[in-house]
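A short reminder: the numbers here are calculations on the coordinates, not readings from a lab. Fair warning: this is a prediction, and the values are worked out from it, not measured in the lab. A quick note on method: Cβ atoms are made from the backbone with ideal geometry, for glycine too, and the neighbour counts reach across all protein chains shown.
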Amino acid sequence: MLEKKVQPSVVTYNSLIGFFGRKGELEKANGLLEDMKQKGKYPNAVTYALLMEGFCMLGKHDEAKKMMFDMEYRGCKPRLLNYGVLISDLGRRGKIDEAKSLLQEMKKRLFKPDVVLYNILINFLCKEGRAAEAYKVLIEMQVGGCVPNAATYRMMVDGFCQIEDFEGGLKVLIAMLTSRHCPRLETFECLVTGLVKCGKIDDACVVLEEMEKRNMQFCFEAWEALVVDACGENVVAGEVVSELISVH
């Protein structure tokens, strides 16, 4: 391309920078960045995000963060994807509180986080067993005018089930259904199983009715295991669950 005196575009440079960044060859990626500048091509937010991802992959987290300052110094305003790289990196390293702080810093700088950024934070909080905090983030995003999507609700229900807060999971499930998002079968089954084990038969019935509306069925083997696990030798409980099975 260069031999024919055809100058690469910013998109071409970004493709090459991303390629070398994913391979961990950051010297080559940085060399391309410098080449862009020398040829009068202006790196954009995507250029810097690709380099930041490369640094994060190699564990050079401070270098990735410095990229944010470098791009602003050179007149390139950060975008949500740049913050997303840093928040994802912090989450993967278990630095959830720092990720939360970075999100708040964004808002102070008048950046409005989108559903993707909120989902990244909610996902890591739920994986760390911090579903109650994740729920506060869910409320925060709604108050800020950001609409949760199906993935947001699924992560929240799964997060509550993980810490065995099945009533919390049910609350989110109802909000999810009200928003006309459909949970996966696994989400329904996890919630029903937990509610039955906790003796919340009426709540389990509510979930089963929603499953029935969507032509979803709890498999027989799962029910059989659930009866044994939840009821054991408790005859009365066994009869209640058996009745639940016969109804649904």
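Observations on the structure shown:
- Residue in the range 3-15 that is surrounded by fewer than 17 Cβ atoms within 10 Å (Cβ to Cβ) and in contact with a His (Cβ under 8 Å, 6 or more places away or on another chain) present: no
- Any hit, the range 32-48, residues being of a type outside the set (Ser, Thr, Tyr), under 19 Å from residue 99 (Cα atoms) and surrounded by 14 or more Cβ atoms within 10 Å (Cβ to Cβ): no
- Scanning the range 39-63 for residues that are part of a helix (DSSP H, G or I), under 14 Å from residue 17 (Cβ atoms) and of a type outside the set (Phe, Trp, Tyr) turns up 45, 46, 47, 49, 50, 51, 52, 53, 54, 57.
A quick yes/no check of all residues on (1) under 25 Å from residue 82 (Cα atoms); (2) surrounded by 22 or more Cβ atoms within 10 Å (Cβ to Cβ); (3) aliphatic (A, V, I, L, M):
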residue: 115; (1), (2), (3): yes, no, yes
residue: 127; (1), (2), (3): yes, no, no
residue: 140; (1), (2), (3): yes, no, no
residue: 162; (1), (2), (3): no, no, no
residue: 168; (1), (2), (3): no, no, no
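- Members of the range 62-76 that are small (Gly, Ala, Ser) and loosely packed, with under 13 Cβ neighbours inside 10 Å: 75
- None of 164, 140, 133, 189 is assigned to a helix (DSSP H, G or I) and over 16 Å from the mean Cα position of the chain (by Cα) except 189.
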